[in-house]
1. When the residues of the stretch 345-365 are narrowed to those that are basic (Lys, Arg) and in contact (Cβ under 8 Å) with a residue 40 or more places away in the chain, which ends up farthest from residue 283 (Cα to Cα)?
2. In the set 259, 236, which member is touching a helix residue (DSSP H, G or I) at 6+ places or on another chain (Cβ under 9 Å), of a type outside the set (A, V, I, L, M) and under 17 Å from residue 185 (Cα atoms)?
3. Look at the stretch 191-216 and say how many of its residues are outside any loop (DSSP other than H, G, I, E, B) and at pLDDT below 95.
4. Would you list the helices (runs of 4 or more DSSP H) that sit entirely within the stretch 227-312 and hold 1 or more residues that are closer than 21 Å to residue 177 by Cα and small (Gly, Ala, Ser)?
5. Collect the residues in the stretch 319-366 that are open to solvent by less than 20 Å² (accessible area, probe 1.4 Å), in a loop (DSSP other than H, G, I, E, B) and over 26 Å from residue 307 (Cα atoms), keeping them in residue-number order.
6. Starting from the stretch 153-180, keep only residues that are small (Gly, Ala, Ser), then list their pairs with residues that are in a loop (DSSP other than H, G, I, E, B) whose Cβ atoms are within a distance under 8 Å, requiring at least 6 positions of separation or different chains.
7. Failed condition for residue 172, given (1) at pLDDT 95 or above; (2) open to solvent by less than 50 Å² (accessible area, probe 1.4 Å), with all others met?
8. Of all residues being farther than 16 Å from residue 259 by Cβ and touching a Lys or Arg at 6+ places or on another chain (Cβ under 9 Å) in the stretch 286-308, which is most open to solvent (accessible area, probe 1.4 Å)? Just the residue, please.
Amino acid sequence: MAAAAWGRCLPRAWLRRWGPDCPRAPRAAGAPPLTRRPSLWCRSAGPGRGRHYRAALCVEPKQPLAVEEVRVDVHFCGVNFADVLVCRGQYQEKPQLPFTPGMEFSGIVLETGADVSTVKEGDRVIGVSGFNGMAEECIIDQKTLWQIPEGVSLREASTLPVSYGTALLALEHRACTQPGETVLVTAAAGATGLAVIDVATNILQAKVIAAVGSDEKCQLVMQKGAQSVVNYSQGGLKEAVRKLVGSVGVNVVIDTVGGDVFLEALRSLAWEGRIVVVGFAGGTIASVPANLLLLKNVSAMGLYWSRYKEQNFPIFSRTLSSALQYCQQGRIQPHIGAVFKLEKVNDAFLHVIQRKSTGKVLISLK
């Protein structure tokens, strides 16, 4: 769907009120029925003892998000392109309607169940919530919470799970990037792109060529550590990369765009190069010409970040722990491009859809 068409579907957000005991109130996936753990849903909000909780709720695909009440808690929630797709009904996962978007958040533990041992009340945490984080409070499995170390703010920590989790898995686990290798990253001024630049340059000591679509974004990625930059709105990506590295090519490509950009990046690989498919922000899924894989012995591989949570949780967890540690040590510098209040959630989505965003876009719920 074109950005303009989406824009026409964005009237002012509306409110619907649910009482805290209502069985129709949206809950985290896998949460037990209210009758089994009523304290998590019926507990008063504080001195006011009647406060309603607000959340962004997708009631119908391709329609604007509504600000609605749930018994779930958060300080900051990241806005990802996957949130846009799932609310359009175009994502590979299709939650049952109505649902609350939001894959990652930061906040403070308010209450724990009897069997929880990893966190306690008052702990600062980041969480990976599937699609239910864009709410003032959130019920979530302790397994998908990580404590935020001292010196890292809630705001900064909220940028880490998706973008830096993706960057670390793509560069280290999938592409096995080595010091001194050259990494080409497309859509480099986005949240994932900047995270890839940050990790490749400051953690792995690789050289980065950043591909972006405007002069303004060229300046940003150079400031963030890219050694070279390509503006693919001014010509072909393959030819621009060739001018930078010659016929040798690049060792690693991290692609989030797809389509023709993916194909040109694939053709820019060096002998035994590796290209990692992270997404299709350009809207087109390219077919891989197998002869290109053969001629240079290159590898094309995918990275579905959230799937690691179910398929290989130790690696998934280790990347998030590493991101928090690197952030505490000052070795990475997450870039926050914009912060929106929950009431402006539709504006935040438009900001992403219209490609105005650089770095991470956040929803502030406090």
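The values are calculated or read from the model by the stated rules, or taken from the named source; none is laboratory data. It should be emphasised that the depicted structure is a prediction, and the values quoted were computed from it without experimental measurement. Don't worry about glycine lacking a Cβ; one is built from the backbone with ideal geometry, like all the others, and counts go over all protein chains shown. Surface areas here come from the heavy atoms of the whole protein model, side chains and all, with no ligands, DNA or RNA. Shrake-Rupley method; radii C 1.70, N 1.55, O 1.52, S 1.80 Å.
1. 360
2. 236
3. 2
4. By residue number, 259-267.
5. 365, the sole residue that qualifies.
6. Taking only residues 6 or more apart or on different chains, the pairs are 157/148; 158/75; 163/334; 170/278; 170/303; 180/205; 180/206.
7. All conditions pass for residue 172, except number (2).
8. My answer is 299.
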